[in-house]
Amino acid sequence: MAAFAMLIPLAVTSADKLRRKLGPRRWKRLHQLIYLIAPMGVVHYYLLVKADHRPPLVYGVIVLALLAYRFANRMLDQKKAAERKAAKAAKAQGARA
């Protein structure tokens, strides 16, 4: 029920007009709730199934793989940003010398 309740603000703010009103930073922050909601859905499905737990486990593996991909992608983006910043600082330092 908590995951469903957290989906409501995501659905409401998905409209373009509300997205612009919130601003990109707050909209993105709000929509990061999905990283909490998706595993909650898998746990709910697992607890719901009484006999064969393989399907919820498959969904869990899929969600875990997608979240791992997003995490790795984010780490690479941060690494590239840090490298660009260091290169820009080195270039500015070389221009001063």
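Numbers for the structure displayed
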quantity: Helix-derived mean residue ellipticity, 222 nm - over the chain, DSSP H n ≥ 4, -39500 (n - 2.57), to 500; calculated: -29000 deg cm²/dmol
quantity: Charge sum, other residues only, whose C-beta stays under 12 Å from Lys85's C-beta, Lys/Arg counted +1 and Asp/Glu -1; calculated: +4
quantity: Average Cα contact separation per residue, the chain, under 8 Å, 6 or more apart, as relative contact order %; calculated: 20
quantity: Average accessible area per residue (Å²) across the chain - probe 1.4 Å, nucleic acids and ligands excluded; calculated: 86
quantity: Spin-label model distance (nm) - Arg70 vs Val12, 7 Å beyond Cα toward Cβ; calculated: 2.1
quantity: Check: the chain dipole with +1 on Lys, Arg Cβ and -1 on Asp, Glu Cβ, in debye; calculated: 820
quantity: Whole-percent carbon and sulfur share, accessible surface of the chain, 1.4 Å; calculated: 68
quantity: Lysine pair number, Cα distance threshold 19 Å (strictly under), the chain, separation 8 or more or different chains; calculated: 5
quantity: Selected from Val42, Gly94, Leu22, residue furthest toward positive end of dipole (the chain; charges at beta carbon); calculated: Gly94
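The values are calculated or read from the model by the stated rules, or taken from the named source; none is laboratory data. Predicted model, so just to flag it, every value in this text is computed and none were measured. Quick reminder, even Gly has a Cβ in these numbers, built from the backbone with ideal geometry, and neighbours come from all protein chains shown. Ligands, DNA and RNA are excluded from the accessible area calculation, which covers all protein heavy atoms including side chains. Shrake-Rupley method; radii C 1.70, N 1.55, O 1.52, S 1.80 Å.
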